[in-house]
Amino acid sequence: MSPIEFIFEEPQDSESAELAKISLEARNQSHSPYSKFRVGAAIRTVDGEIFKGCNIESCSFSPTICAERVAVASAVAAGHRKFVAIAISSDQEEEPCTPCGVCRQFMREFSKDLRILLVRPNGTVCQTDLEQLLPGSFGPDSLAWQR
């Protein structure tokens, strides 16, 4: 498998620009006193609602939760289960801030091909999707029984 090439450009539509902007705003709410690695996320539901998340660190590290999971969990807690896209931002200027493995699997619970916008501090984005970042994934449809 060849490595993924991340190409950043201006958002291609107003919905992507809005999601990128909100993820950057959410990044400012990060509680990351130990790593100083601020991450923000904004997820859009199929009916257009947007939920924000930021990473929240704990001094004992294992209870730390990523921005992506905070955003998804907030949306799920509000009754949403279907999503269109998520934007993820950090302070990194060069390297993209991709979701960690746990977040990829967590998002996979709700979508096999979720559109993912990786956002730089200057607002440029790289569009990818969950299928590309988590190929051959295990999800609810992988179970023998159906809910």
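The values are calculated or read from the model by the stated rules, or taken from the named source; none is laboratory data. Here the structure is a predicted model, which is why all the values come from computation and not from measurement. Cβ: placed from backbone, ideal geometry, glycine included. Neighbour counts: every protein chain shown. The area values use the complete protein model at the heavy-atom level, side chains included, leaving out ligands, DNA and RNA. Shrake-Rupley method; radii C 1.70, N 1.55, O 1.52, S 1.80 Å.
Please build a GNM for the chain, connecting alpha carbons under 10 Å apart, and tell me which residue among Q29, Q127, Q12 fluctuates the most.
Checking each option, the largest mean-square fluctuation is seen for Q12.
Q92 versus D141, label points 7 Å from Cα toward the beta carbon: distance in nm?
With each label placed 7 Å out from Cα toward Cβ, I get 2.9 nm.
What residue among T124, T64, T45 shows peak mean-square fluctuation when the chain is described by a Gaussian network model with Cα springs under 10 Å?
Judging by the Gaussian network model, the answer is T64.
If I model a spin label as a point 7 Å beyond the Cα along the Cα-Cβ vector, how far apart are those points for F8 and H31 in nm?
It works out to 2.8 nm between the two label points.
Most mobile of D47, D129, D91 per a Gaussian network model of the chain (Cα springs, under 10 Å)?
Per the Cα network of the chain with a 10 Å cutoff, D47 tops the list.
Pulled fully out, how much extra length does the chain show between C100 and T64, if you take 0.36 nm times their separation in residues and subtract their Cα-Cα distance?
On the way: separation 36, 0.36 × 36 = 12.96 nm, distance 1.26 nm.
Stretched fully, the C100-T64 segment lengthens by 11.7 nm.
Need the C-alpha centroid separation for the range 1-64 versus the range 80-112, integer Å.
The range 1-64 and the range 80-112 have Cα centres separated by 7 Å.
What relative contact order, as a whole-number percentage, does the range 1-114 give when Cα pairs under 8 Å and 6 or more residues apart are counted?
24 percent
What percentage of the solvent-accessible surface of the chain, computed with a 1.4 Å probe over protein heavy atoms, is contributed by carbon and sulfur atoms?
Of all accessible area on the chain, carbon and sulfur atoms account for 52 percent.
Diagonalise the Cα gyration tensor of the range 15-76 and give the resulting equivalent ellipsoid semi-axes, square root of 5 times each eigenvalue, largest first, whole Å. Intermediate results must be reported in sequence, preceding the final value.
Details: eigenvalues 101, 33, 6 Å².
Listed largest to smallest, the semi-axes of the range 15-76 are 23, 13, 6 Å.
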